[in-house]
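J.: Below is the structure I would like to discuss, written out as structure tokens.
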Amino acid sequence: MTSVSGLLAGCSSVSHVVADHWPRMLGGLPEGVPPRLENPPEYMSVNETPPARDTKKLTPEERAKYEAEIAASRTQNTTQGEQAKTQSAAQPPIN
């Protein structure tokens, strides 16, 4: 078994096909993963510069909105963490 799995893992042209069809419990891909591209994009050359990004700066209103969302999410996470700590401290450990 070890030699077969070693051979399959060592063949890069076959390993992704095998890994895509493994069941989840054996280390396969989770549910809902999009399928692989038929023709994956080629790697850039080491000396090639990436194309310029089409980005714009955030307006002060957009920045304030995103910072407020992040602060609210952080507060919610902190609150949930504290609640989990108090609930786990209230319950005796199961042996």
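J.: Give the residue list of GluC sites (Glu not before Pro) in segment 45-93 that are DSSP loop and have at most 15 other beta-carbon atoms within 10 angstrom.
T.: Details: sites: GLU48, GLU61, GLU62, GLU67, GLU69, GLU82; in loops: GLU48.
Within segment 45-93, the qualifying GluC sites (Glu not before Pro) (loop, at most 15 other Cβ atoms within 10 Å) are GLU48.
J.: Around THR75, what is the net charge, scoring Lys/Arg as +1 and Asp/Glu as -1 over all other residues with Cβ under 12 Å from its Cβ?
T.: Numbers: positive: ARG74; negative: GLU69, GLU82.
The answer is -1.
Every number here is computed from the coordinates shown, using simple stated rules; none is lab data. Only a predicted model underlies this, so the values are computations on that prediction, with no experimental measurement involved. Cβ atoms come from the backbone with ideal geometry, glycine included; neighbour counts cover every protein chain shown.
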